[in-house]
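Colleague: Please see the structure below; I have some questions.
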Amino acid sequence: MLQPLEFTNLLSWLDTTLRDNMPEFWVLFIKFVLVAVALLAAYAFIAIILIYVERKITAFFQARFGPNRVGKYGILQSFADVIKILLKEIIRINNVDRFLFFAAPFFMIVASMLTFGAIPFGKSLQSVDFNIGVLYVSAVSSLGIIGVLLAGWSSNNKYSMIGAMRSGAQFVSYELSAGFALMTIVILTGTMSFSEMIAKQEFCWNIFNGHISSIIAFIIYLISGHAETNRGPFDLPEAESELTAGYHTEYSGLQFGFFYLAEYLNMFIIAAIATTVFLGGWMPIQIHGLESFNQVMWFIPSYVWFFGKTGVLIFLSLWVRWSFPRLRIDQLLNLEWKYLLPINLVNIVVMVILVLAGLTLTDLFPILAP
């Protein structure tokens, strides 16, 4: 029978070849370099694709064509924009804190890159598998707010500073709900490792296994994650009508490009983590007793499952962004502190009760357990 086009055999062959011909030090060195290059290439490529996809989806919602000149269906427009932004002059701004001003974009890129590297894209396609993966991504993704605050402070611009203060308040607030939503599933699965979480979702995804409690955690995580990316209707830090471009108003050229790339990658990361924790990650749909069906599902490569599920969540994010008006700052903070956070705290207690009472689906129906 034909096998799916996975990378497992290729990676095993590469590892064997290197170990047969080189000392351990050079084997590890070459592996680290290859992984870094692969992650950087994937980081840039996914951001470029997301920019094109958002433009097309936005055009569809607004009854426009979107990019349609550069390449077939405008598919090369994003690549042309990347070349343009690389060639743009970086404008020198007077009276800024130069060190912090230049350091801020790197905090954004490094924070999103560190999170991006821990995502399991498919079977054997995870650069590092921490046993505390959920805690790790929650911690390193939070570093991005440092870049935002530094950008606002160092720009010596009142609009940038206001945008940074708004973003700080928004990020810190919604980070609580996002973390609690993930902790709800940690209680359900009993692990923080992404690989173990995926393995436990072979026949029943976490969003269904924890009954209504998992569904509530999933919805809260999507809302909180969307707010953390500063995208509409939670885009007060970049409100064009009030703050020009918010905390990156004074940035140009490649520096602005770093903020731009990080924003789109953060959107992907939020969807990827939701896919991994709630929707089975790269695991295909499996049904007990239907072996023929299961074989067909396994024939589809694992990374196709992962990017397919993630793509659906990204589409949902774009749908929300281009459908709802921007919230006021009081509405934004009230939503978190008066509604999402209390619901989240109660939801965690409910999940603890479900787990201790053995009322999850895999406990009630052991056939659903892997």
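The values are calculated or read from the model by the stated rules, or taken from the named source; none is laboratory data. Since the model is a prediction, treat every value here as computed from it, not as a measurement. Cβ coordinates were reconstructed from backbone atoms using ideal geometry, including for glycine residues, and neighbour counts include every protein chain displayed. Note: accessible area is taken over every heavy atom of the protein model, side chains too, but ligands, DNA and RNA are not part of it. Shrake-Rupley method; radii C 1.70, N 1.55, O 1.52, S 1.80 Å.
Colleague: Quick test of your reading of the structure: ILE270 fulfils all but one of (1) in contact (Cβ under 8 Å) with a residue 24 or more places away in the chain; (2) more than 16 Å from the chain's Cα centre (by Cα); (3) more than 18 Å from GLY122 (Cβ to Cβ). Name the failing condition by number.
Modeller: That leaves (2) as the condition not met.
Colleague: Are there any helices (runs of 4 or more DSSP H) wholly within segment 297-357 with 3 or more residues that are within 30 Å of ALA199 (Cα to Cα), and if so which?
Modeller: Details: elements: 302-321, 329-334, 341-357.
Those helices (runs of 4 or more DSSP H) span 302-321, 341-357.
Colleague: Something else now. Report whether or not ALA41 is closer than 25 Å to PRO120 by Cα, among the aliphatic types (A, V, I, L, M) and surrounded by 13 or more Cβ atoms within 10 Å (Cβ to Cβ).
Modeller: Numbers: closer than 25 Å to PRO120 by Cα: yes; among the aliphatic types (A, V, I, L, M): yes; surrounded by 13 or more Cβ atoms within 10 Å (Cβ to Cβ): no.
Judged against the criteria, ALA41 is not a match.
Colleague: For segment 50-66, what are the residues that are open to solvent by 40 Å² or more (accessible area, probe 1.4 Å) and either more than 16 Å from ILE85 (Cβ to Cβ) or not in a helix (DSSP H, G or I) (or both)?
Modeller: VAL53, LYS56, PHE60, PHE61, GLN62, ALA63, ARG64, PHE65 - these are the residues of segment 50-66 that are open to solvent by 40 Å² or more (accessible area, probe 1.4 Å) and either more than 16 Å from ILE85 (Cβ to Cβ) or not in a helix (DSSP H, G or I) (or both).
Colleague: Check ALA80, ALA139 and return the single one that is closer than 30 Å to THR184 by Cβ, assigned to a helix (DSSP H, G or I) and not charged (D, E, K, R). First the steps, then the outcome.
Modeller: Working: ALA80 fails: closer than 30 Å to THR184 by Cβ.
It is ALA139.
Colleague: Could you check MET283 against (1) assigned to a helix (DSSP H, G or I); (2) buried (at least 24 other Cβ atoms within 10 Å of the Cβ) and say which number it fails?
Modeller: All conditions pass for MET283, except number (1).
Colleague: Tally up the residues in segment 88-126 that are under 30 Å from TYR303 (Cα atoms), open to solvent by 60 Å² or more (accessible area, probe 1.4 Å) and assigned to a loop (DSSP other than H, G, I, E, B), please.
Modeller: The total comes to 2.
Colleague: Can you name the helices (runs of 4 or more DSSP H) wholly within segment 144-235 that have at least 2 residues being farther than 30 Å from GLU250 by Cα?
Modeller: Numbers: elements: 144-154, 158-189, 194-199, 206-209, 211-228.
In segment 144-235, 158-189, 194-199, 206-209, 211-228 are the helices (runs of 4 or more DSSP H) which contain 2 or more residues that are farther than 30 Å from GLU250 by Cα.
Colleague: Inside segment 148-169, can you point out the residues that are touching a helix residue (DSSP H, G or I) at 6+ places or on another chain (Cβ under 6 Å) and under 28 Å from PHE278 (Cβ atoms)?
Modeller: Listed by number, the residues that qualify are VAL148, SER167, GLY168.
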